[in-house]
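Participant: Just passing along the structure, written as structure tokens.
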Amino acid sequence: MIELQHIYKWINSGGNRTFLLKDINLSIAEGDFISIMGPSGSGKSTLLNVMGMLDEPSEGQYVFMGDDVFKMKEKQRSNLYKQHIGFVFQAYHLIDELTVYENIETPLLYQDIKGAERKAIVADMLDRFQIVGKKDLFPAQLSGGQQQLVGVARALVAKPKLLLADEPTGNLNSKQGEEIMELFKKINEEDGVTIVQVTHSEKNAAYGSRIIHLLDGRIESTQ
Amino acid sequence: MFTNYFKIAWRYLLKTKLYALVNILGLALGMTSCLLIGIYIFNELSFDHFNKNANRIVRATMDYNSGDAPNTTAMTGTKVGPQFKRTFPQVEAYVRTIKYPRVIGYKDKVFDEKRFLYADPAFFNVFSFKLLNGNAATVLDAPDKIVLTQSMSKKYFGDENPIGKTVTVGIKQLIVSGIAADAPNNSQIKFDFVSSFMGFSSAKEEKWWEANYITYLLLHNASDIPVLQKQVAGYMKTVSRDELKMTGANNYLTYHLEPFLKVHLYSSLEGLEPNNNILYIYILGIVAILILLIACVNYTNLSTAQAAGRSAEVGMRKVMGAGKMQVFYQFICESFLLTLIAVITGVVLSLILLPYFNQLSGQELTTGVLFHPVTIISLLLLAIIVAFMAGAYPAIVLSNGKIIQVLKSGFNFTGGSTLRKTLIVFQFTISIFLIIATIVILQQLSYVRNKDLGYDKEHILVLPVDRKMSPDYDAIRAAIASAPNVVSVAGAYETPTDIGWGDGMHKGTGDNEKSVTVNAFPVDEHIVKTLGLRIIAGSDYTNADVQQFDTSNGGENLHYTYMLNESAVKALGWTPQEAIGKTITKGRSGVVKAVIKDFHLHSFHEPINPLVVFLDKRMVLSMFVKISGKDVQSTLNSLQKVWKQRVTHRPFDYHFLDEEYDAMYKTEQRTAGVFTTFASLAILLACLGLFALTAYTMVQRTKEIGIRKVLGATIPDILSLVSKDFLKLVILALVIAVPVGYYATNKWLDNFSYKISITPWVFIIAGLATIIIAFITISAQAIKTAMANPVKSLRTE
């Protein structure tokens, strides 16, 4: 599904070139559950952002579902991304001014899905995540775990093939974190959604089928 | 989709109430001022346009030189109209008018009426004043006919039908021949009554001189004007030479034809009603546009500052698949919603404030123009443009930004900061300029009000005297003088505030003759004492001078007793002491009895002219009653009692001399009022702008300030750090505004012959006031950030 070849990313500061990613070669098959680990500054988030097309590498090739991403036009890429990728963040990034329902609905709005269909999909999602009772609340009225639950629901509402999660449990206590991880596992197994998560926790990483260790921008080991 | 946009816009607005309020109010206030000024300008530009013949009407104004200097006046003699119609085929009709206060009576109702007009029979044909009753061609065709306006008909007749009824005008009986609709507010001719010109006794004979009338000519074609103008010049040369026997090389009399529609805004010559100046219209127009521009710029600035704090949301939306255009539309929608609210608030505010604006500007403007389709469409257009301006910048920046960059809350708008600073300087320049102008205008007004005029204007009542009262003048005067609290009573032709009687006087004969153009002031013997005039040589009038006034034998032996002011003495080439006892002639010869100190006989716009005062009680038309100032109300009551006993034919209609004096500066007072208002508004808007920019900068510098605080900076340290940059901008504005303000206010003061000199204090006060206000505005924002717990601001990273 994902084919990364010789990915480099660097920034120039004061004449020095600092590498964020160095010669990353990685292939991920559909249905994989990958955990990326590594110390701070090792390039975990950068790698995730490159995979999510939020960021561009300085060099290298990225093939996503058979398409060469960096040879695509902006619009095609954004369509590809819209349809196939969902994102979950450590800080949830829910929109404060929208209710739970509206937050989950938003990605569908951007995909021009008709009102009735949208309603059905969102209702289904609320039901699945057992947050029907919270649909009219605003993010500020929810606990962190509940917010992240909404964040995951929002990321999945458009039925993506790939879910990218940047420390999804980083702001949560262990019990809440466990719930999210269980959820991820279920999604991966039952719906066949490919998941790539960045995490600091060995325990959470263990949910994945493969763990990739990064150090100073390179893949140190895979297990 | 759009409902979603509006929904979030509305929620956002509710969440940031203060910002939204400040933002909307700022724009609304800008719109309100723009609308109010717009209504005013529209009214001024619409002057006289209701006349169907407006393009074909001209006002004849007189250019002449009868010996001393060239003169122009809107006043003409009685001959111009009829003679031009007889001579030039292009002239279709003429209307001569004169405004003349009269006492009108019907049954027990008697009032002093100021807006009484005499006009030629063609009046209602030439001008488009609506006649509700009566035939335009005949309502004024006989000397005893009079037309009332609707409101006057109500005032005198109530529900009665006035047509054919008789009203008393002065000592005559006139028959009501028609009812006219009230004259429109935007007309250079306003009236409550129009009576036939034939009924005006001193206008029976056709004369070139004795210019007291405004003459309008109706031409067959508007295109005739330039040709006719040339023909008039040629014709008047012949008239001056052959008919008027004007011999001097420089002497001439001719007429200029002013297009009717140019009178109100382009003519320097006042006619029946005060004119305006197109320059003021331009200045106001520019001020309106500037204020609107400032408001829009502020609005954009505030919105941008707001949007900067929303980059995380935009980032998230893009992560969820929002396209560039979708983010763009969202911001535009929000902006449009806010703008729409502001526009509606602006319109509502205009409606509420219009009466106050009318009071301030002395207008009777109506809101009708607000609901004109053109106004509504341009308002909507404006809203769209402003919404676009305010929404587009953050929309473009945020929608174009790299997602990952936008997503991190540290995203900032680096571009456009020079532009923004320039705009702040620009706003403050305008504010400071307006403050300087306001201070100077107020200072000049206070100077005008407080300067020693050379006569007393306090506690002096002015009462009318007419021909019916003249024979009993001494008795009436004595009766009034004996009322309690009356200090003294005197009479004169007119009030000393603005002496209009122009005349000529000369000394000597033959080669030694020297003539001078003067103002003339016929008085009774009590005038010096009552008005507090100061004699610097010679002595006051006495009863002996009155006895000497010999009207027997048809006035054959009549001689005047004169007083001259210093300027007149100087013009004749004497010292005050030399003048005493000398003989001069103004119509009749007489001896100079005293020289009085120059007093202001016109408004401060004009220099003090030579003045000749002469004793002639027959000319008295105004009586001045100096009262002690104690117990004014009971004094007035007792005066009224005396008046009612002595004068039965007219009401006790008085005013105070100082009110009359103040009224001369109405235009300046209004200008001061308008300037004060808009200066306050401009500074308010400028502060809003500063507030926005500070808020915006604070958002960007939150992290920096957090770090500084961790490193030990105190709140005052941070305050000075933040305010320094902004105060620099204000000081730059000051540097620009001061010379411009100095130049402009000096230009304005040039209108006055007597004026203040501008001191540096004006600029110091304007500058300090602005800096203090700016500093408070900045601090209000900065302190909030400076006080915040640094841990919080740093954690967001």
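Participant: If only one of B:Gly510, B:Gly491, B:Gly502, B:Gly538 is surrounded by 12 or more Cβ atoms within 10 Å (Cβ to Cβ), assigned by TED's automatic domain parsing to the domain that holds B:Gly629, modelled with pLDDT under 80 and not aliphatic (A, V, I, L, M), which one is it?
Facilitator: B:Gly502
Participant: Please go through segment B:24-44 and pick out each residue that is more than 17 Å from B:Tyr282 (Cβ to Cβ) and of a type in the set (Ser, Thr, Tyr).
Facilitator: Once the filter is applied, which keeps residues that are more than 17 Å from B:Tyr282 (Cβ to Cβ) and of a type in the set (Ser, Thr, Tyr), segment B:24-44 yields only B:Thr32.
Participant: Can I ask one more? Quick one: how many residues across segment B:53-104 are touching a helix residue (DSSP H, G or I) at 6+ places or on another chain (Cβ under 8 Å) and hydroxyl-bearing (Ser, Thr, Tyr)?
Facilitator: Matching residues across segment B:53-104 total 4.
Participant: OK, next. Right, A:Gly38: closer than 19 Å to A:Met1 by Cα, surrounded by 14 or more Cβ atoms within 10 Å (Cβ to Cβ) and more than 14 Å from chain B (Cβ to nearest Cβ) or not?
Facilitator: No; evaluated as a whole, the condition is false for this residue.
Participant: Which of the following residues is within 14 Å of another protein chain (Cβ to nearest Cβ) and under 20 Å from B:Asn4 (Cα atoms): A:Leu98, A:Leu126, A:Leu80?
Facilitator: Among A:Leu98, A:Leu126, A:Leu80, only A:Leu98 is within 14 Å of another protein chain (Cβ to nearest Cβ) and under 20 Å from B:Asn4 (Cα atoms).
Participant: Let me ask something additional. Which one is nearest to B:Ala295 (Cα to Cα), of the residues in segment B:2-27 that are within 13 Å of another protein chain (Cβ to nearest Cβ), hydrophobic (A, V, I, L, M, F, W, C) and exposed (fewer than 12 other Cβ atoms within 10 Å of the Cβ)?
Facilitator: Ranking the qualifying residues of segment B:2-27, first place goes to B:Leu14.
Participant: Another one. Of everything in segment B:55-74 that's buried (at least 17 other Cβ atoms within 10 Å of the Cβ), under 21 Å from B:Pro226 (Cα atoms) and out of contact with any Asp or Glu (no Cβ under 9 Å at 6 or more places or on another chain), which residue is modelled with the highest pLDDT?
Facilitator: Here the answer is B:Met62.
For every residue, the table says whether it meets (1) out of contact with any His (no Cβ under 8 Å at 6 or more places or on another chain); (2) surrounded by fewer than 21 Cβ atoms within 10 Å (Cβ to Cβ); (3) of a type outside the set (S, T, N, Q); (4) assigned to a helix (DSSP H, G or I).
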site	(1), (2), (3), (4)
B:Leu690	yes, no, yes, yes
B:Met698	yes, yes, yes, yes
B:Gly712	yes, yes, yes, no
B:Gly741	yes, no, yes, yes
B:Ile771	yes, yes, yes, yes
B:Lys784	yes, yes, yes, yes
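Participant: Taking the stated definitions as given, is B:Val239 under 29 Å from B:Ser66 (Cβ atoms) and outside the structural domain of B:Ile146 (by TED's automatic domain parsing)?
Facilitator: Criteria met by B:Val239.
Participant: Looking at (1) modelled with pLDDT under 90; (2) buried (at least 18 other Cβ atoms within 10 Å of the Cβ), can you tell me which one A:Leu163 breaks?
Facilitator: (1)
Participant: Additional query: Please go through segment B:335-392 and pick out each residue that is part of a helix (DSSP H, G or I), under 32 Å from the mean Cα position of the chain (by Cα) and hydroxyl-bearing (Ser, Thr, Tyr).
Facilitator: B:Thr345, B:Ser350, B:Tyr356, B:Ser361, B:Thr367, B:Thr375, B:Ser378
Participant: Let me ask another. With respect to B:Cys296, determine if the residue is within 14 Å of another protein chain (Cβ to nearest Cβ) and among the hydrophobic types (A, V, I, L, M, F, W, C).
Facilitator: The answer is no for B:Cys296.
Participant: Another one. State yes or no: is B:Pro184 without any contact (Cβ under 8 Å) to a residue 60 or more places away in the chain, part of a loop (DSSP other than H, G, I, E, B) and surrounded by 14 or more Cβ atoms within 10 Å (Cβ to Cβ)?
Facilitator: No.
Participant: Go through the residues of segment B:518-525 one by one and say whether even a single one is outside the structural domain of B:Gly170 (by TED's automatic domain parsing), crowded, with 16+ Cβ neighbours inside 10 Å and not in a strand (DSSP E or B).
Facilitator: Scanning segment B:518-525, I find at least one residue that is outside the structural domain of B:Gly170 (by TED's automatic domain parsing), crowded, with 16+ Cβ neighbours inside 10 Å and not in a strand (DSSP E or B), so the answer is yes.
Participant: Next up: Looking at (1) of a type outside the set (A, V, I, L, M); (2) surrounded by fewer than 19 Cβ atoms within 10 Å (Cβ to Cβ); (3) under 30 Å from B:Phe426 (Cα atoms), which is the only condition B:Phe328 fails?
Facilitator: Among (1) of a type outside the set (A, V, I, L, M); (2) surrounded by fewer than 19 Cβ atoms within 10 Å (Cβ to Cβ); (3) under 30 Å from B:Phe426 (Cα atoms), B:Phe328 violates only (2).
Participant: A follow-up question, please. Give the residue, chosen from B:Leu365, B:Leu360, B:Leu351, B:Leu340, that is away from chain A (no Cβ under 14 Å) and crowded, with 19+ Cβ neighbours inside 10 Å.
Facilitator: Step by step, each of B:Leu365, B:Leu360, B:Leu351, B:Leu340 is checked, and only B:Leu365 is away from chain A (no Cβ under 14 Å) and crowded, with 19+ Cβ neighbours inside 10 Å.
Participant: Oh, and also: Which of (1) within 14 Å of chain A (Cβ to nearest Cβ); (2) in a helix (DSSP H, G or I) is the odd one out, the single condition B:Thr304 does not satisfy?
Facilitator: Status for B:Thr304: all satisfied but (1).
Participant: Identify the single condition in (1) away from chain B (no Cβ under 14 Å); (2) in contact with a Lys or Arg (Cβ under 7 Å, 6 or more places away or on another chain); (3) not hydroxyl-bearing (Ser, Thr, Tyr) that A:Phe33 does not satisfy, given that it satisfies every other one.
Facilitator: Just one mismatch for A:Phe33, condition (2).
Participant: Then there is this: Is one or more of the residues making up segment B:645-665 small (Gly, Ala, Ser), part of a helix (DSSP H, G or I) and touching a residue at least 24 places away in the same chain (Cβ under 8 Å)?
Facilitator: Checked against the condition, which is being small (Gly, Ala, Ser), part of a helix (DSSP H, G or I) and touching a residue at least 24 places away in the same chain (Cβ under 8 Å), segment B:645-665 yields no hits at all.
Per-residue answers, yes or no, for (1) crowded, with 20+ Cβ neighbours inside 10 Å; (2) among the hydrophobic types (A, V, I, L, M, F, W, C):
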site: A:Gln61; (1), (2): no, no
site: A:Lys73; (1), (2): no, no
site: A:Ile95; (1), (2): yes, yes
site: A:Ala123; (1), (2): no, yes
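Participant: Which residues, taken from segment B:591-607, are modelled with pLDDT of 90 or more and buried (at least 18 other Cβ atoms within 10 Å of the Cβ)?
Facilitator: Scanning segment B:591-607 gives B:Val592, B:Lys593, B:Ala594, B:Val595, B:Ile596, B:Asp598, B:Phe599, B:His600.
Participant: Against the definition (modelled with pLDDT of 80 or more, at negative phi and of a type in the set (A, V, I, L, M, F, W, C)), how does B:Ile385 come out, yes or no?
Facilitator: Judged against the criteria, B:Ile385 is a match.
Participant: Looking only at segment A:149-170, how many residues end up being in contact with a helix residue (DSSP H, G or I) (Cβ under 6 Å, 6 or more places away or on another chain), farther than 16 Å from A:Gly208 by Cβ and not in a loop (DSSP other than H, G, I, E, B)?
Facilitator: 3
Participant: Still on this model: Which ones in segment A:41-60 are more than 10 Å from chain B (Cβ to nearest Cβ) and modelled with pLDDT under 85?
Facilitator: A:Gly41
Participant: Output the residues belonging to segment B:303-334 that are over 21 Å from B:Leu380 (Cβ atoms) and within 43 Å of the chain's Cα centre (by Cα).
Facilitator: Those that are over 21 Å from B:Leu380 (Cβ atoms) and within 43 Å of the chain's Cα centre (by Cα): B:Thr304, B:Ala305, B:Gln306.
The values are calculated or read from the model by the stated rules, or taken from the named source; none is laboratory data. Nothing here was measured: the structure is a model prediction, and the numbers come from that model. In this analysis, Cβ positions are derived from the backbone assuming ideal geometry, glycine residues included, and neighbour counts consider all displayed protein chains.
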